[in-house]
Amino acid sequence: ELQEQLVAAVAGRESEQMKRFEELMELKQRQEYQSIRDMMEKEYGPPNLFLKPGMMHFILNLRLREMEQQRLREAELERQRQVEGRERLRTLNAIQEEVLQLNQLLEPAPPAHLGLSVDHTSYITRGNQLCSQVSEVIRTTAEGQFPSVEDMTVTERALQEMRSLLRALQEEVAQAQERKKKEQEEEEEKKKKQAELKVQQEEQKKSPALSAKDKIRKQGTYTCRTRVNLDSRKIMELQKAATIPVSQISSISGSQLKEIFDKIDKLLSGRAVVSGGKSVSTSQHPHGLEYVSYKLAEKFVKQGEEEVASHHEAAFPIAVVASGMWELHPRVGNLILAHLHKKCPYAVPHYPDMKEGTSIEEYQKILGYRVDDSGVEGQDSFLKRMSGMIRLYAAIIQLRWPHSNKQGPGPHGLNHGWRWLAQMLNMEPLADVTATLLFDFLEVCGNALMKHYRGQFWKLLVLIKEEYFSRIEAVTSAGQLGSVTRLKQFLESALRNKQIDPPKGQLTSAFWRA
């Protein structure tokens, strides 16, 4: 009986507790329902009293789903932030590793630099400062936090400066090695000449008079040399006939330009032309046509790096003749591209890597620098020449010889300009070089590309300004801001006005009537 009473009492309490629990759950449901209604009234206004209860539940469920989707979006953003943070951390570690490796290369190697007057102290001091700068960023992110975008910018600039520091040191060492090598060669040459002089003096004492056979041999040698001199003279006449007319192209009238064009076309077609008061033809030499085509293409590119570099307006008359020659004589066009790519690899565009075993001097030549006995040319001179050749190329792709009878697109049209821009934006920018060449190309060819590609061209300019420009700024030092500022002003003006003005020196109908 006691057991039954106890069970009945427990069952009664359990039933009461279940009722209280159900009441509590019902209260929470009403409160949640009421809070959602309050939120909806605040956001959408008072509810429609004529809505059916099922419709109200539908709206509430819709709101709940929206809240759940918002929660999922926030979770996805957090996950993405974590992924980006981990990626930045990996990049930061890689940058620190490269900076430390480059810093080790700043130390002098006694066997290689023995006898060279190169002071490594300033390079080592600055290298240690850059390493400390990167380590400071690493320490601030070592407490479980991911590096920020600003942290990455600081470390990337430190890495770029470290690379520049190493290049400068390598150039100084190479110049010192070159000076030492030159001194050794001069010393060896001096000893060699002394030895040869001694041998000649001994032979003069011993050798008898020339025999008849020796005289005949000397006469044959003289005849051979005379024939070689004649061939060389013809080659020089051909070279002058090809290059002098090109050097005369500058600020001349349209009628004079047509005379020059016809003279070059006549020479390439195998007909005789008058040059220096003499009749010259490619048929005078078995390889005359190949030689003239080669020297003509070389002269066009040389005019770009010299004449156009100094006078930007000269790009258009030179380019229109080059384009006409390209159309009538495709061999000349291919050679123009070959000479252009060799002297200015950025016209490909291509940033050559330094291969193993290549000397600093040879690599600088590959990059387009002039290197002679006095050393490597200055950065300003280098950029000026590259600018001239890019401007000439930008003019060629938009011009066509106006007196041509051929139909269809030009021999090297605007599609090559679009491809050049796309390839430039797919490569990591170089300090000074990228900003300079982008500005030169767009200033010369931007108006033609705008008219041809329209909306797609404006999308490309927006991409350069909003995404690519920040990468250019990241590799630019304080002393290289001139080219970056010019490019920035050009982009802002073009996008603000939705217009790119025609370039200065563009050939008009009035030019051809002159």
Task: Theoretical ellipticity at 222 nm over the chain - DSSP helices of four or more residues, -39500 (n - 2.57) apiece, nearest 500 - done: -24500 deg cm²/dmol
- [ ] Provide the descending list of Cα extents for the range 285-338 along its principal axes, expressed in whole angstroms.
- [x] 38, 20, 17
TODO: Would you mind pulling out the separation of the Cα centroids of the range 298-323 and the range 382-447, in Å?
DONE: 13 Å
Open item on the list: On alpha carbon coordinates alone, what is the Rg over Rh value for the range 347-409, Rh being the Kirkwood radius?
Closed with: 1.18
- [ ] Mind checking the full-extension length gain between Arg86 and Arg370? Use 0.36 nm per residue of separation minus the Cα-Cα distance, one decimal, nm.
- [x] 97.8 nm
- [ ] May I ask for the angle, rounded to the nearest 10°, between helix 481-497 and the longest principal axis of the chain, with both axes built from Cα atoms and the value confined to 0 to 90°?
- [x] 60 degrees
Open item on the list: Using only alpha-carbon positions, what ratio does the radius of gyration of the chain give when scaled by 2.2 N^0.38 Å?
Closed with: 1.63
Open item on the list: Nearest 10 degrees is fine. How inclined is helix 149-206 to the longest principal axis of the chain, computing both from alpha carbons?
Closed with: 20 degrees
TODO: May I ask you to compute the full-extension gain from Glu16 to Ser493, defined as 0.36 nm times their residue separation minus their alpha-carbon distance, rounded to one decimal in nm?
DONE: 163.8 nm
Task: Peptides 324-332, 301-309, 411-419 ordered by average Cβ neighbours within 10 Å, highest first - done: 301-309, 324-332, 411-419
TODO: Over the chain, calculate the relative contact order: mean separation of alpha carbon pairs under 8 Å at least 6 apart, over the residue count, as a percent.
DONE: 11 percent
- [ ] Please give every one of the lysines within straight-line cross-link reach of Lys263, meaning a C-alpha to C-alpha distance under 17 Å, and leave out same-chain neighbours fewer than 8 residues apart.
- [x] Lys240, Lys278, Lys295, Lys299
Task: Chain lengthening between Ile244 and Ser509 when straightened (0.36 nm per residue, less Cα-Cα) - done: 92.8 nm
TODO: Measure nothing fancy, just the Cα-based angle from helix 288-303's long axis to the longest principal axis of the chain, in degrees from 0 to 90, nearest 10.
DONE: 50 degrees
- [ ] Please check which bits of the range 323-341 a label hung off Thr358 would reach, taking the label as a point 7 Å along Cα-to-C-beta and the cut-off as backbone N under 20 Å.
- [x] 338-341
Open item on the list: What number does the range 432-514 give for Rg over Rh if you use C-alpha atoms and the Kirkwood radius?
Closed with: 1.05
Task: Net charge contributed by nearby residues that have their C-beta within less than 13 Å of His311 (K/R +1, D/E -1) - done: -1
TODO: Could you tell me the convex hull volume per residue, in Å³, taken over the Cα atoms of the range 421-461?
DONE: 61 Å³
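Where a number appears in this text, it was derived from the coordinates with a stated rule and is not lab data. It should be emphasised that the depicted structure is a prediction, and the values quoted were computed from it without experimental measurement. Glycine also receives a Cβ, built like all others from the backbone with ideal geometry; neighbour counts cover every protein chain displayed.
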